[in-house]
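Everything below concerns the one structure shown next.
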Amino acid sequence: MELTRRQLLALAGVATASAALAGCGGTLRPADIEAAGFGEDASGTLNLWCRSDTVNGTQAVVDAFHQAQDRIRVRLTPIQNGQYVTKLATAIRGGRVPDVVDIDDIYSTLFAYRGAFTDLTPLIDDLGIGAALSPGHLALSTKDGRRYGLPFIGDFSVLFCNTELFDRAGLSVEEQTRDFAGLLDAARAIGGLGDDVYGWSYPGNSSGALGFTVQPHVWATGRDLIAGDVGNQRGDVAGNDALRSTLDFARTLWSENLVPPGSFADDASRWSADYAAGRLGMFPASFGVVVPNSSQELLDRTQVVLLPGPDGGHAFFDGGDNLCMLNGARNPSAAWEFMKFAVDVQQQSRMPEGFYSPVRSDVVTPEFAESYPFVVPPLEALDSGYAPTTLAYNLIYNQQDGPWLRMFRQAVFDGEVDAAMQEAQTTYDRILRQAQA
Amino acid sequence: MSTLTHPRRTGLALITPAVALVVVFVFVPLVVAVYISLTNFPLIGPYRFIGFDNYASVLTDPTFWDSLGYTLLYTAIVTLPILLLGYGLAVLVRSNRRGATLLRTIFFVPFVIGLTTLSFLMLLEAQPNSGMVNVVLRFLGITDGSTAWLVDGPLATGLLCVMVVWAASGLTMVLLMSGMQGIPREVYESAEMDGASWWQREMQITVPMLRRTIAMTVILSVIGSFLAFTQFYILTQGGPGSETTTIVMAIYRRAFVQLQLGAATAMSLVLVVITGLVTAAQFWLLRERS
């Protein structure tokens, strides 16, 4: 049989349409979470994805879950951080999803707004622990007042202070860490203690780490760099006084040699090295960055406070992970049973063993505070935690070619603060416009 | 009268597998790509047909033009050095003298290692103070050894270009050497008897007879540079700012960071057209002239 040209084109058209339809897939259905017995006495296999960064903490909870019951077996799949969003999005597009994901709370917004997660509002309300849960985590997985994620792991940015250096400089940590003036005075005094001693440090070539540690100074004033609700957001950069003060502060630290010269090129690969060596007076970072890399001797002379704003106030980056149930989950009842277990006080109290922070304030007891003093300040001020709810966080703050890093470097290392803020305003607006299109 | 030709049906049967492969793996994906580029296809969520909005968005997006401009600059910088170095190396190793095989291997090894491995090595060696690049420059008294190569656009571009020229010239060397070895020895002997110098023999015999091979290496090199991604992704991630963002990296970001497959596909198709035009121009410029 010979095909005519018209028949050949028709066949190609059919093949094209089939391929297109196969690639597009359909919308996955949410679980019926209000069914009788949901989340109780479930059985079978539970597929759980976690970030490679948090695999130790997640595995510990999975192990405890297996010890506590034998009906549900959790199959844990760690995913590289940089590939997480893409892989999850591809799985959703392909229609074969895990039951639960342990996902960076910053990214949970994106998936919640795209309708990929199951609405857990009544289940979370029934837990009765809402007031103790990290509000920042919850906000990032909330859309139109509905909750699509349960806080799981905390990763908060705080200020680690070397009390020995403060003492040698004749300074008090509490008094010097209330505003920028106090921080600069302390940095100058500590920097004067020796050639290889510095007051402060920042990883000047790591967009994500700078977003984690520098933005809280701005948030402490109640202002963000992004304004408006998701869907109608724009940048609030040019004319942002709190941001200008923060960039000026970082610029002063650089121009007066109050940070190590390596800060210029540091991509956060040796982020904690200077603090661990005892050469830094103040170091904004997280519990998981400092504690595993520092000696007990140094930790014994370390004090943690929240990051101050230019003229007072304080804030911290409310980072970490949420647990979210996927629409299309094949074992949703087991998923919720695991999620409840993961936020139980007993599991949360053990989070610092894996160098993570709990996400509920009611874990703080005198015994807990004595064992893990560095995670207590943010837990006692959970309302000061914040992270921007936006669909463009990754683009603006986590990409090396994003506007946040460009603005920081131009302002701090080149001294062009106004030009940097003006340029960033344009780029923030463009990226937000594209992300919300 | 008998005929030596086969029935038409036999010919069609013989080419059908090849045609089917081309249709399935080239034609269908291309048509699907065109369709996706006409939708707001996100990686997550439903999509709808939006006509040519993606193309309008791409063509008015400064990121697209900036990255295209940077890609053209990068291509312009590396193409000639790759050709000249590859040609020089081919001249060195084209004869079968003792040690030629060893030299060929040494010059070709960077290409075999690949840009991914080389980029990770360079990431370490370009570190301020500790990297070998800075240690050597400090030893030679050229710098104080604290140069942060990868956080400065021009410096990073320079370093990347040097690395790519080093890595890619091995392939050019092999291609040109094969062409050189195909030139009849008698032609050179005749020229030598006529008193032609080495330079005259190269310019009057080797280069003209290698015209097609040179054209092929240049076209391959330009296409490779247009599609550069790995080395930039590993070494600079497009930064600082977007100073080293290539067009393919911009497409990658649009697809897998912004999760806008429709717009990314539109960018890809624009790139396909541009690459096709550039390649056609090269074919025309490098064509055989009577």
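The values are calculated or read from the model by the stated rules, or taken from the named source; none is laboratory data. What you see is a predicted model; the values in this text were computed from it and never measured. Quick reminder, even Gly has a Cβ in these numbers, built from the backbone with ideal geometry, and neighbours come from all protein chains shown.
What the table shows:
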item	result
Selected residue [of a type outside the set (Lys, Arg) and under 30 Å from B:Leu123 (Cβ atoms)] from A:Asp248, A:Asp267	A:Asp267
Selection count, region A:110-134, where residues are within 12 Å of chain B (Cβ to nearest Cβ) and under 18 Å from the mean Cα position of the chain (by Cα)	4
Filtered residue count, region A:383-407, keeping only those that are in contact (Cβ under 8 Å) with a residue 24 or more places away in the chain and either within 10 Å of another protein chain (Cβ to nearest Cβ) or part of a loop (DSSP other than H, G, I, E, B) (or both)	15
Strands (runs of 3 or more DSSP E) (entirely within region A:41-112) containing at least 3 residues that are modelled with pLDDT of 90 or more and of a type in the set (A, V, I, L, M)	A:72-79, A:100-104
Tabulated pairs, region A:330-358, first farther than 16 Å from A:Ala68 by Cβ, second part of a helix (DSSP H, G or I) and among the hydroxyl-bearing types (Ser, Thr, Tyr), C-beta under 9 angstrom, 6+ apart or interchain	A:Pro352/A:Ser371; A:Gly354/A:Thr54; A:Gly354/A:Thr58; A:Tyr356/A:Thr54; A:Pro358/A:Ser349
Which numbered condition B:Thr147 misses (of (1) within 27 Å of the chain's Cα centre (by Cα); (2) among the hydroxyl-bearing types (Ser, Thr, Tyr); (3) closer than 15 Å to B:Pro128 by Cα)	(1)
Selected residue [within 11 Å of chain A (Cβ to nearest Cβ) and free of Cβ contacts under 8 Å to residues at least 12 places away in the same chain] from B:Pro46, B:Pro17, B:Pro7, B:Pro42	B:Pro46
Selection within region B:27-39 - of a type outside the set (A, V, I, L, M, F, W, C) and at the interface with another protein chain (Cβ under 7 Å from one of its Cβ atoms)	B:Tyr35
Wholly enclosed helices (runs of 4 or more DSSP H) of region B:64-176 bearing at least 3 residues within 26 Å of B:Leu271 (Cα to Cα), modelled with pLDDT of 90 or more and not basic (Lys, Arg)	B:115-125
Candidate set from region B:49-76 (those that are within 11 Å of another protein chain (Cβ to nearest Cβ) and free of Cβ contacts under 8 Å to residues at least 40 places away in the same chain); member that is farthest from B:Gly224 (Cα to Cα)	B:Asp53
Scope region A:135-149; condition touching an Asp or Glu at 6+ places or on another chain (Cβ under 8 Å) and either surrounded by fewer than 17 Cβ atoms within 10 Å (Cβ to Cβ) or without any contact (Cβ under 8 Å) to a residue 12 or more places away in the chain (or both); matching residues	A:Arg146
Subset tally (residues that are among the polar types (S, T, N, Q) and at pLDDT below 95) for region A:198-226	3
Tally of residues being within 24 Å of B:Thr230 (Cα to Cα) and surrounded by 18 or more Cβ atoms within 10 Å (Cβ to Cβ) across region B:43-73	8
Complete set of residues in region A:408-437 that are within 11 Å of another protein chain (Cβ to nearest Cβ), of a type outside the set (A, V, I, L, M, F, W, C) and under 17 Å from A:Asn240 (Cβ atoms)	A:Gln410, A:Glu423, A:Thr426, A:Thr427
Subset of region A:113-140 [modelled with pLDDT under 95 and in a loop (DSSP other than H, G, I, E, B)]	A:Arg114, A:Gly115, A:Ala116, A:Gly128, A:Ile129, A:Ser134
Candidates B:Ala18, B:Ala33 - the one that is over 30 Å from A:Leu391 (Cα atoms), outside any loop (DSSP other than H, G, I, E, B) and among the small types (Gly, Ala, Ser)	B:Ala18
Meets criteria (over 30 Å from B:Phe49 (Cβ atoms), within 14 Å of another protein chain (Cβ to nearest Cβ) and touching a residue at least 60 places away in the same chain (Cβ under 8 Å)) for B:Gly170	no
Residue within region A:154-164 that is crowded, with 24+ Cβ neighbours inside 10 Å and over 24 Å from A:Pro284 (Cα atoms) present	no
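So that you can scan it fast, the table gives a plain yes or no per residue for (1) surrounded by fewer than 14 Cβ atoms within 10 Å (Cβ to Cβ); (2) touching a Pro at 6+ places or on another chain (Cβ under 7 Å); (3) closer than 30 Å to B:Trp149 by Cβ:
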site	(1), (2), (3)
B:Leu176	no, no, no
B:Gly182	yes, no, no
B:Ile214	no, no, no
B:Ile219	no, no, no
B:Leu235	no, no, yes
B:Val248	no, no, yes
B:Gly262	no, no, no
B:Leu277	yes, no, no
B:Leu286	no, no, no
